[in-house]
Amino acid sequence: TPRAAKSKKAPPEASTPKDLPSPGWLTLTGATANNLKNITVQIPLSRLTVITGVSGSGKSTFLHSALLPAVKDALAKPTASKGKKKKPTDQPWKTLTGTEHVNAVYEVDQSPIGKTSRSCPATYVGILDDIRKLFAQVPLARARGYGPGRFSFNTDGGRCDTCQGNGEIKVEMAFLPTTRTHCEICNGMRFNSATQEIEFNGKNIGQILKMSITEAADFFASQPRIARPLQLLAETGVGYLQLGQASPTLSGGEAQRLKLVTELSTGQGRTATERLRGLKNAKRNLYLIEEPTIGLHMADVQRLVE
């Protein structure tokens, strides 16, 4: 019958990788590790590619054990000495092509960004150095002979001597876990009174570190080198974090987004000539981000994707 004939119509053919326009492709063949059984994967460059699958299907294995070492190996070959580098026999892949379009590869995981209370978003992203230079240019600071080092909580001179620039005092307990108490000398500001007298637009360095990332982005709007990374952090959904918040208190997802923004804002791996020419003809960086949306609300997922 006509209806039966209609039901026997062949389904539309699935699109092939060649149907998707892309300036280049990474093609990895023979990926074999754990649950990966000699698979071939094609990844378009200059695209946001998502690798999905059920638990145990080999997503993390593919990223960490196959793609990441394969790209690193391919990028290192031009600089390796001839005749000294031998191809390992136990590598979990066979061939990789398309790396001529890649300048560098970066892995952005959820490992902690710092284990000490002195590590914070401002130091990890790298904006604290620029903030300290701004304070050193204040007329009162120049009259007193204060340099950028005066506004560091890691060195003597400007920091609070009681809490050693932590803003808190560590208290050892005999039979209880170690605790921390508020430093009453500096009132948690990390710096001594002489350093806190230096203000930039009405705020001292201790008050700056107490600001949230969103507040600081508005406060330093006239300083692009400082404001741009802060704006990126706010756009990824971590604008509520304080600039001086201790890194050990950050969750895995928060630490991962700090890493991502750091890589995107610094533009590592690109030469000055490539930055001047723009991204059209320059090689691109490959970012491998593992499970960046675990535990996030759907609104945060959308913000992170954008």
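The values are calculated or read from the model by the stated rules, or taken from the named source; none is laboratory data. Worth saying up front: this structure is predicted, and the values here are computed from it rather than measured. Note that each Cβ is placed from the backbone with ideal geometry, even for glycine, and that neighbours are counted across all protein chains shown. With ligands, DNA and RNA removed, areas are computed over all heavy atoms of the protein, side chains included. Shrake-Rupley method; radii C 1.70, N 1.55, O 1.52, S 1.80 Å.
Checking the stated criteria, ASN201 turns out to be open to solvent by 30 Å² or more (accessible area, probe 1.4 Å) and within 31 Å of the chain's Cα centre (by Cα).
The single condition among (1) within 31 Å of the chain's Cα centre (by Cα); (2) open to solvent by 80 Å² or more (accessible area, probe 1.4 Å); (3) among the hydrophobic types (A, V, I, L, M, F, W, C) that LEU176 does not satisfy is (1). Scoring GLN245 on the criteria (1) of a type in the set (S, T, N, Q); (2) outside any loop (DSSP other than H, G, I, E, B); (3) in contact (Cβ under 8 Å) with a residue 60 or more places away in the chain leaves a single failure, condition (2). Examine the range 135-152 for a residue that is open to solvent by less than 60 Å² (accessible area, probe 1.4 Å) and free of Cβ contacts under 8 Å to residues at least 12 places away in the same chain, and state whether such a residue exists. Yes, that holds for at least one residue. Name the pairs whose Cβ atoms lie under 6 Å apart, with the first residue in the range 225-237 and closer than 15 Å to ARG303 by Cβ, the second open to solvent by less than 20 Å² (accessible area, probe 1.4 Å) and charged (D, E, K, R), and 6 or more positions between them or separate chains? Note: pairs meeting the criteria are THR236/ARG257. Just to be sure before I move on: is SER111 at pLDDT below 90, loosely packed, with under 13 Cβ neighbours inside 10 Å and either within 29 Å of LEU63 (Cα to Cα) or acidic (Asp, Glu) (or both) in the structure I sent? Here the answer is yes, as SER111 does meet what is asked. Restricting the range 294-306 to residues that are farther than 15 Å from VAL261 by Cα and not small (Gly, Ala, Ser), the residue that is surrounded by the fewest Cβ atoms within 10 Å (Cβ to Cβ) is MET298.
Among the residues of the range 65-74, is any part of a loop (DSSP other than H, G, I, E, B) and either at pLDDT 85 or above or at positive phi (or both)? Scanning the range 65-74, I find no residue that is part of a loop (DSSP other than H, G, I, E, B) and either at pLDDT 85 or above or at positive phi (or both), so the answer is no.
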